[in-house]
Amino acid sequence: MEGLPRGTVTFLFTDIESSSTRWESDPVEMRAALARHDAILAEVIGRFGGAVFKHLGDGLCAAFGSASSALSAGVTAQGLLQAEPWPGGISLAVRMGVHTGEIEPRDGDYFGPAVNRVARVMDVANGGQIVCSAATASLCREVLLLDAGEHELRGVGTEHLHLVVGDAFRPDPRPLRTVSRSRSNVPARVTSFVGRAGDVAELVTEIDGHRLVTLIGVGGVGKTSLALAVARQVLDRFKDGVWLCELAPVGDSRSVPAAVADALGARSQPGMSLVDSILDYLRDRHALIVLDNCEHLDDAAARLAERIVVETGVTVLATSRSPLGVGGERVWAVNPLEAETSGVELFADRARDRDCRFILDDDSRRAVEEICRRLDGIPLAIELAAARARAMSPSAIAQRLDHRFRLLRGGRKGARHETLHDTLRWSYELLSAAEAALFDRLSVFAGGFTLESVEAVCADLDMVDVPAVLDLLTSLVDRSMVVAEPTADGDRFRLLETLREYGTDRLAATSALDTYRAKHASWFRDVALEIEQQLWTPNEATAWRTIEAEWDNLRTAFSTALGQDDIGTAAEIVGALGWCAAWTARDELFGGAEVLLGKPGIEQHPRYADLCGIAAWTS
């Protein structure tokens, strides 16, 4: 490039504030606005004798032979940019940095300390501001300058900065974006934090020892609230701040770097990708980044988190429905609240927020405990239930939880998850088709299940072959949709009751609910018959452990068979285990023996005599 200034050169660098977000939300309008922005700047820079030598992201780099010309160009351009009627109603806020130094052009570009310093000067400006260095200020008397004091610039040391003021534009009043002025964008908490003080303390220790910690758990369990509580707790430990990057609104994995850059205040550097620019921005910093809601972005968030912890000194605290799956990751499962303690405390606290006259007495406590148990201790569900306390008593709320997805609506206005149903749908829609099919079918189980039961009841040619069921079940555990519970007799699994109800609704919508309930009943008829064979043998202890573990499934299987008029299956279950039910004070569960004796043709069933004896015993 011919005609670039030499010797003492004043640089003007510009950048559009939050441009990545604008590109994400309004790409068509942004493209038109950027073209107009470039035209205005090019015309003004040329008018004041400057030369544009590089475009950098959505900004540009210009060189002037005079400091006064550079500042005058900046003031004029800001005035025109602020007065411009932008396409689509977009309002572009442009930040500018100006610095003067000795330098020579090379191959149409500039390299060296002066270029690095002007980039750092621009970094601390907000949209609608022009910031200049002491070197530029000492050479210019024609433009009004406000002394902004000494500031630390990343990688280049301290600099005495000045804000440029002019009649043609009104500077943004915000303080400069230096570390000393802003060390966190984590929002202040507006409600009390209940029930997880011990978790916060343990996670602070985890962060001290691990550079990448991921909080996983089902939707609504409180991952974000816990991460933010930890972030506030450790703010003083990170000299370069704690930064929240909210990824929930990001709809495309390709937009992850832009969202993170906007949250950090980083910008694209010459000759670098945006990811490399972020890493360069973070390389000399001691900071904590909270990557919130990573689960829907494939592995884009995981790849960026891995590069941050490998290539910089920054610590990452992530939240997701499943582990990120990268090296060095420390996974922390966020569990539901204890229903009878922390759950009750949370309900009472949020109910008082809605109505300061709410009182938790002995009667209401029992109802609140029931609410929290039936909502599996999920904080979001408890908060939504508590929101009803202004109009309903806890007892009335508990009575209506059979229709929880209709009852638990509303709550936090503007929140992404306004209802419990929305939260679960968000998790469900992230599943593959095979994972979703298996999840739906798991809802026919009651009280837990084994892998063998899942393979028998849920696998079929429409979904997947049996060997693959383990992989799908493991994936659902990883995604926090299924709870794994190791026992002395082997691994068991279960759905939280709220998830089970959601899965039942999904299965019913496919018209397959009765089919899989029938398969469940048939399988547990066989389980009942196997238990019967083990009783009064050396394997009797195993039989009784199976009864204890599978009683809810056996009871549900009997009810299903009776409801579907499958008298043979119902009679086999009662005939095999009715005596056990009577002996263990569970006769109410199989009191259906009398019902079966009233069915036509039951006299012909091989279990008829057993049913008569059980009915006589329980009566």
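The values are calculated or read from the model by the stated rules, or taken from the named source; none is laboratory data. These numbers were taken from a predicted model, which means no experiment stands behind them. Note: ideal-geometry Cβ built from the backbone for every residue, glycine included; neighbour counts use all protein chains shown. Ligands, DNA and RNA are stripped out before the accessible areas are found, and what is left, the full protein with its side chains, is counted by its heavy atoms. Shrake-Rupley method; radii C 1.70, N 1.55, O 1.52, S 1.80 Å.
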**OP:** Using only alpha carbon pairs under 8 Å that are at least six residues apart, calculate the relative contact order of the chain and give it in whole percent.
**Re:** 8 percent
Original post:
Taking every DSSP beta bridge that has both residues in the chain, what percent is antiparallel when rounded to the nearest 5?
Top reply: 65 percent
Subject >> Helix axis angle, 344-354 relative to the chain longest principal axis, alpha carbon, degrees >> reply: 60 degrees
**OP:** Please give the contour-minus-distance gain from Asp552 to Ala468: 0.36 nm per residue of separation, less the Cα-Cα distance, rounded to one decimal in nm.
**Re:** 27.6 nm
Original post:
Based on the mean of other beta carbon atoms within 10 Å per residue, what is the order of 50-62, 211-223, most packed first?
Top reply: 211-223, 50-62
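Kirkwood Rh over alpha-carbon pairs of the stretch 424-517, then Stokes-Einstein at 25 °C and 0.890 mPa s: what D in µm² s⁻¹, rounded to an integer?
Reported coefficient: 187 µm²/s.
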Subject >> Candidate aspartates and glutamates for bridging to Lys54, where Cα separation is under 14 Å - those fewer than 8 sequence places away on the same chain excluded >> reply: Glu2, Asp15, Asp38, Asp107, Asp109
Subject >> Rough spin-label spacing in nm, given labels placed 7 Å along Cα→Cβ, for Asp240 and Ala396 >> reply: 5.6 nm
**OP:** Against the globular-protein guess of 2.2 N^0.38 Å, express the Cα radius of gyration of the stretch 137-233 as a ratio, rounded to two decimals.
**Re:** 1.70
Subject >> Peptides 344-353, 161-170 ordered by average Cβ neighbours within 10 Å, highest first >> reply: 344-353, 161-170
Subject >> For the chain: accessible area per residue (Å², 1.4 Å) >> reply: 44 Å²
Subject >> Rounded percent of accessible protein surface that carbon and sulfur make up, the chain, 1.4 Å probe >> reply: 49 percent
Subject >> Shape category assigned to the stretch 344-397 from the gyration tensor of Cα positions, a/c cut at 1.5 >> reply: oblate
**OP:** Please give the length that would be gained between Ala508 and Asp489 if that part of the chain were fully extended, namely 0.36 nm times their separation in residues minus their C-alpha to C-alpha distance (nm, one decimal).
**Re:** 3.6 nm
**OP:** Give me the angle, in degrees from 0 to 90, between the Cα long axis of helix 497-509 and the longest principal axis of the Cα atoms of the chain, rounded to the nearest 10.
**Re:** 80 degrees
**OP:** Go ahead and run the numbers for FRET between Gln533 and Asp252, Cβ-Cβ distance against an R0 of 56 Å, rounding to 0.05.
**Re:** 0.45
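For the stretch 1-140, calculate the relative contact order in percent as a whole number, restricting contacts to Cα pairs under 8 Å that are 6 or more residues apart.
Once normalised by length, the contact order is 34 percent.
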Subject >> Folded to 0 to 90 degrees: helix 27-47 orientation relative to the chain principal axis, Cα >> reply: 10 degrees
Subject >> Cα→Cβ-extended label distance, 7 Å offset, between His286 and Asp208, nm >> reply: 1.5 nm
